[in-house]
Amino acid sequence: MKGYALLGIIGPLLAYFFIGISIASAPWFRWSKHALSDLGHAFRLESALYYNFGLAAAGLLIAIYAVTALMSRAKYAGLCLAASAFSLQLVAVFDEIYGHTHMLVSEAFFILLLLSSLIYAVERRSIIAGFSFTVGLCAWVFYWMDLYSAGIAVPEIISATAAVSWIVFSALETLREK
């Protein structure tokens, strides 16, 4: 189990690494007006390969972590996180060129990620997961209410980073167990 716990750290870091490479290779990308998925659009040759590979690989590693190390500590959060990670892979497979299908798998990813945070908070009585859920939910609610002006990439990265905090923390807890 402990070896699989490392995937709960490596998976999210891999996603951020490839998102960073994608942003660096896309001079047109603006946090103020784009979605992160714009980086993965098939016609964006300078960034799509990095972005989509990173999401697919990260989704696989996080799913493996969820069904191995996490499920032994938090069954329902592990199942929900595995579904979220699979949705992340689908975001890479059905990039923006697929229109409505892309939107559906993206929404599924973020909803399942929020739900995973909430379930983990309840299952493990985790303050960090509860805080992650609150931050992620607020990022979306404030965006929908137009309380700040930015592209959808902003609530995407805020909610994902909030969830990653409890995922990495849970992986570290597993590694510390005897």
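What fraction of the Cα pairs in the chain, stated in percent, has a spacing above 29 angstrom? Result for the distance tail: 17 percent. Once the 1.4 Å probe is applied to the protein heavy atoms, the chain comes out at 49 Å² accessible per residue.
To put it simply, the accessible area of the chain at a 1.4 Å probe is 72 percent carbon and sulfur. If you model segment 26-89 as an ellipsoid using its alpha carbon gyration tensor, with each semi-axis the square root of five times an eigenvalue, the axes come out at 30, 12, 8 Å, biggest first.
Modelled label positions at residue 31 and residue 148, each set 7 Å beyond Cα in the direction of Cβ, lie 0.8 nm from each other.
The values are calculated or read from the model by the stated rules, or taken from the named source; none is laboratory data. The structure displayed is predicted, hence computed values, not measured ones. Quick reminder, even Gly has a Cβ in these numbers, built from the backbone with ideal geometry, and neighbours come from all protein chains shown. Just the protein is used for accessible areas: all its heavy atoms, side chains included, with ligands, DNA and RNA removed. Shrake-Rupley method; radii C 1.70, N 1.55, O 1.52, S 1.80 Å.
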